[in-house]
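A.B. asks: Have a look at the structure that comes next, please.
Please treat every number below as a calculation from the coordinates, not as lab data. Keep in mind the model is a prediction, meaning the values are calculated, not measured. So basically every Cβ, Gly included, is an ideal-geometry build from the backbone, and we count neighbours across all protein chains shown.
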Amino acid sequence: SDVKSIYEIPLILRGQGLGNRVCEKLNIKATAADLDDWKKVVQAQKNPRHTATVAVVGKYVDLEDSYKSLSEALIHAGIHTETRVVIEYIDSEAIELHGTELLKKVDAILVPGGFGSRGIEGKILAAQYARENGIPYLGICLG
């Protein structure tokens, strides 16, 4: 059956006895894995105590997978802090055209790396907005 989170899969596979079957097939004697810490990870993801919205301000936001490693890192940080991280992808060129109004409802701003001059002014405006409004900012590009 489908699961809501990939982090549940090791617990399900253990419940189905997969580890024991693999050990039997390979003729390995092993003790049961301690998955208590893993269960805490799953619980933290399922039942976050906080919510934070993070703006990812970049040039390639139409293809969210461009920032997949950053998104996953934010989600993992959220799990660690029992926080549901909502990621808002904001095109830096939209900030150039419409101003920083797009950033009004975010709790933090991340500007990922990028190449070339396209969208650079929007990234600079996002950094300035964060600085002037006391919003946590991580500048991987323009840090």
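A.B. asks: For the stretch 49-139, what's the relative contact order in percent, using C-alpha pairs closer than 8 Å and at least 6 residues apart?
C.D. replies: 37 percent
A.B. asks: Mind listing P(r) for the stretch 6-45? All alpha-carbon pairs, 5 Å bins, whole percents.
C.D. replies: Whole-percent P(r) values from 0 Å outward: 6, 22, 27, 21, 13, 8, 2, 0.
A.B. asks: Taking 2.2 N^0.38 Å as the expected size of a compact globular protein, what ratio does the Cα radius of gyration of the chain give against it, to two decimals? All intermediate terms of the calculation are to be shown ahead of the outcome.
C.D. replies: Numbers: Rg = 20.3 Å, N = 143, 2.2 N^0.38 = 14.5 Å.
Here the Cα radius of gyration is 1.40 times the empirical estimate.
A.B. asks: Please work out the FRET efficiency for the pair residue 50 and residue 27, using the Cβ-Cβ distance as r and a Förster radius of 30 Å; give the result to the nearest 0.05.
C.D. replies: Numbers: r = 47 Å, r/R0 = 1.57.
The computed FRET efficiency comes out at 0.05.
A.B. asks: Quick one: helix 36-46 against the long Cα principal axis of the chain, what's the angle to the nearest 10°, folded into 0 to 90?
C.D. replies: 40 degrees
A.B. asks: Residue-wise, which Karplus ³J(HN,Hα) couplings in Hz belong to the stretch 115-125, taking 6.51 cos²θ - 1.76 cosθ + 1.60, θ = phi - 60°, and x for glycine or proline?
C.D. replies: Result, ordered by residue: 10, x, 8, 4, x, 5, 5, x, 5, 5, 4 Hz.
A.B. asks: To continue, here is another question. Would you mind checking 59/104; 40/105; 4/25; 39/104 for any pair whose Cα atoms are more than 24 angstrom apart? Before the final figure, lay out the partial values.
C.D. replies: Details: 59/104 19 Å; 40/105 30 Å; 4/25 30 Å; 39/104 36 Å.
The pairs that break the limit, which is 24 Å between Cα atoms, are 40/105; 4/25; 39/104.
A.B. asks: How much length is gained on full extension from residue 62 to residue 40, taking 0.36 nm per residue of separation minus their Cα-Cα distance? Provide the component values of the computation, followed by the final result.
C.D. replies: Details: separation 22, 0.36 × 22 = 7.92 nm, distance 3.36 nm.
Length gained between residue 62 and residue 40: 4.6 nm.
A.B. asks: Another one. What's the extension gain from residue 108 to residue 88 if we count 0.36 nm per residue and subtract their Cα-Cα distance?
C.D. replies: 6.2 nm
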